[in-house]
Amino acid sequence: MTKENRNPKTIHVDYEEKMSLVNAATFLDSIANKLKNEKKFILTHNGQDHEVVPSDNVTLEIKLEERNGKHKLELELEWREADSSKDSSIQIG
């Protein structure tokens, strides 16, 4: 499949802000609590609301990088709409 045949990506929010570690953790905690309790949250940016409703099964990606003394932690949730497939991880009881 060539790039021309793929569906274009839509970026709804692209935002970056310097803040204290405590404020950043509070923001992430708010998202986590909404997802745990309501399975969704509303992100408001530039006066526009974006309802974020992940499916029951998501992919969590964590990346920790360092380059020339600058550190970067990326947390990413990815899902497909209406994906309610069973958890396929392996567990030991």
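Side notes on the structure shown:
- Cα gyration tensor, the range 25-64 - rounded (a/c under 1.5), prolate or oblate: prolate
- Among residues other than Thr59 with Cβ under 9 Å from its Cβ, the summed charge is -3 (Lys and Arg +1, Asp and Glu -1).
- Accessible area of the range 1-83 divided out per residue, in Å², using a probe of 1.4 angstrom: 98 Å²
- Cα shape, the range 1-73, gyration tensor, a/c 1.5 rule: oblate
The values are calculated or read from the model by the stated rules, or taken from the named source; none is laboratory data. The model shown is predicted, which means the values in this text are computed figures rather than measured ones. FYI the Cβ positions are ideal-geometry reconstructions off the backbone, even for glycines, and counts take in every protein chain you see. Heavy atoms of the whole protein, side chains included, go into the accessibility calculation; ligands, DNA and RNA do not. Shrake-Rupley method; radii C 1.70, N 1.55, O 1.52, S 1.80 Å.
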